[in-house]
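Just below is one structure, and these are the notes that go with it.
Every read-out reported here was derived from the displayed coordinates using simple, explicitly stated rules and does not represent laboratory data. Small disclaimer: the values here were computed from a predicted structure and weren't measured. With ideal geometry, Cβ positions are generated from the backbone for all residues, glycine too; neighbour counts draw on all protein chains shown.
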Amino acid sequence: MKILHLSDTHIGSEKYFDRDPLIHVLNKLNEGGYDLLIHSGDITQEGKEEHFIEAQKLLSKVETPCVTIPGNHDKRSGGIALYKKYIGPPNGTMEQDEAIVIFVDSCVQDSNDGRVGMTKFNMISRALREYSDKTIKILVIHHHILPIPMAGRERNVLSNAGDLLDLFLRFEVDLVLSGHRHYPNVYNINNTVFVNAGTVSGKKTRYGDVNSYNEIDIDEDKLRVQTNRFINKKSVDVKEYPREGRRIFYDFGEKRFRIIHISNTFISPSTKFRQLHFLNALKNINSLEGNVLVHCGGIVEEGIPRDYDLAKNYMDRFDLPVVYTPAGRDMNYLGYDLYQEHFGDIDQSFTGKNFYLQGIASSQYDSPIGIIGETQRERVFQKLREKQNQFKCIFLHHNVLPIPHAREKGLLEDSGDFLREAVDEKVDLILTGTSSHPFAASVEKTVIVNANSLSSVYQRSLFGNSFNVIDVYDEAIVVSEINCLWKTRRLLGIWERNNKK
């Protein structure tokens, strides 16, 4: 199957719309060889009738089957009614041989924000069940599920991006196509390939980039994504992924080390701190023979002396080395000074035999919003480059991937740039600790794990308060979750090592 994927045409006035690259791509389509055209939204600039009429004329010349969805610009000033009149239904499915394409409108009228409500979420879920026998499953949505690099401050992310990500991974969707941020990007997460398109003909490009579109080839063995940019008529980026089933591991090799991963202890004298859960987890963790305990923030309920003194007493009972990174609540009130007085440096690290862990303080004073910043990113990745032939781990509080069962607010403002650089630098492991729900996935070869709340009443998992155990073997990374109260264990995932030793 060969797909031409474009997005964000922004058909309108010459101020926003460059007709030439769009005409070039449409002519290329009509030369043949493509099975499907997919347009992932923002067909027009302002949702005006004359712009939809022009879009209809241009798209009507395309002989290839076409799937389109509205973008946030198409739904300005009541434009959704015009979209339905001139373009087609905003939600639905298209079957094509052994493929199913599910397309869904993620836009909120007169807003840049994205949301897939319960009705449309259930529609996607039903369609994935109904067409589970299809060998190629494609999902089209305007707003990005994953943070996009080179797109400025992270915002306009789907409010339930975590639930959608979890759904797509569970149903083994092959391909998720989106637009919106005007910068092309490709990630493979647990064998689901997420492709974000740049703008094919909009004049608002980012970071010196130019107009672009994607060509996607899918066969039995591989999925290939080629991004074509309009520079000197030919500038191409290609990524290719094997289409493989779930791998069964039969030999992990030797176990090299064990990380205990916790978050949101919420220590305080109040009933929001579950003391019994903490003490049971403490006893269990001390018996697990871990190499290091990583606390990804939310140490105390509030950044006041009473809570910090109590937290110091509790945390000193762990037998293994502990490294910390703060959450916003750890930094509020007097927390910035108390944190360093009780637990050490803001940015902590840990070195073992052939492995290195580097913390990043992503939290800000009195704010749930996180940011790393360009200067901090440069310093961190320079440190990691110096750690040749070592297992490299970064830990911070704020989530890098959207978390299920939590309203995604794009809390780490530069998550797009951070994630892209971490993946490109082949960081082995990223640990986070926000949103109080466990989640683990592999982006390319970088395993990303979020911890549930260890001992706070505020947690979102039916499994209950828990912590993670991460075992690193010669061949694989194994992530398990253990219930604090009952010691029951479940597997979050097994992934092949990035750099095998």
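One table, with the values for the structure above:
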{"item": "Neighbourhood charge, 12 Å Cβ-Cβ cut-off, centred on Val300 and excluding it, Lys, Arg +1 and Asp, Glu -1", "result": "-1"}
{"item": "Separation in nanometres of the label points that stand 7 Å from Cα toward Cβ, at Arg19 and Gln376", "result": "4.8"}
{"item": "Burial ranking of peptide ranges 463-469, 120-126, 324-330 (average Cβ count within 10 Å, highest at the top)", "result": "324-330, 463-469, 120-126"}
{"item": "Above-threshold pairs, the threshold being 29 Å between Cα atoms, out of Lys283/Lys383; Lys383/Lys445; Lys75/Lys445", "result": "Lys283/Lys383; Lys75/Lys445"}
{"item": "Gain in span if fully extended, Val210 to Phe121, counting 0.36 nm per residue against the direct Cα distance", "result": "28.7 nm"}
{"item": "Inter-label distance for Lys272 and Arg170, nm, one decimal - labels placed 7 Å from Cα along Cα-to-Cβ", "result": "3.0"}
{"item": "Gain on full stretching of the segment that runs from Tyr241 to Gln56 - 0.36 nm per residue minus C-alpha separation", "result": "63.1 nm"}
{"item": "Cβ-based charge dipole, the chain, positive-most Cα from Leu401, His24, Cys107", "result": "Leu401"}
{"item": "Gained length - Asn30 relative to Ser111, 0.36 nm times residue gap less alpha-carbon distance", "result": "25.7 nm"}
{"item": "Computed Kirkwood radius, in angstrom, where 1/r is averaged over Cα pairs of region 144-272", "result": "17.8"}
{"item": "Dimensionless Rg ratio for the chain, taking C-alpha atoms and the 2.2 N^0.38 Å reference", "result": "1.02"}
{"item": "Per-selection metrics, region 356-501 (Cα): Rg and Dmax in Å", "result": "15.2, 43"}
{"item": "Around Leu164: net Lys/Arg minus Asp/Glu count, Cβ-Cβ under 13 Å", "result": "+1"}
{"item": "Dipole magnitude of region 2-242 about its Cα centre (Cβ charges: Lys, Arg +1; Asp, Glu -1), debye to nearest 20", "result": "700"}
{"item": "In degrees, nearest ten, helix 374-385 long axis to first principal axis of the chain (Cα)", "result": "70"}
{"item": "Rounded, prolate or oblate (a/c below 1.5 giving rounded, otherwise prolate when a/b exceeds b/c) for region 255-496 by Cα gyration tensor", "result": "rounded"}
{"item": "Label point at Lys84 placed 7 Å out along Cα→Cβ; residues across region 51-70 whose backbone nitrogen lies under 18 Å", "result": "52-53, 68-70"}
{"item": "Point-to-point label distance, Leu310-Ile231, nm (Cα→Cβ direction, 7 Å offset)", "result": "5.6"}
{"item": "Inter-centroid distance (Cα atoms) of region 293-335 relative to region 200-242, Å", "result": "46"}
{"item": "For region 255-496, share of DSSP beta bridges that run antiparallel, in % to the nearest 5", "result": "60"}
{"item": "Under the Debye formula (equal points on every Cα, no solvent term), log10 I(q)/I(0) of region 236-335 at q = 0.23 Å⁻¹", "result": "-1.22"}
{"item": "Greater than 23 Å apart at Cα, pairs in Lys239/Lys353; Lys353/Lys387; Lys387/Lys426", "result": "Lys239/Lys353"}
{"item": "Debye, to nearest 20: dipole size of the chain, +1 on Lys, Arg Cβ, -1 on Asp, Glu Cβ", "result": "440"}
{"item": "Antiparallel %, DSSP beta bridges [both residues in the chain], to 5", "result": "60"}
{"item": "Tail weight of P(r) past 28 Å, computed on alpha-carbon pairs of region 2-242, percent", "result": "24"}
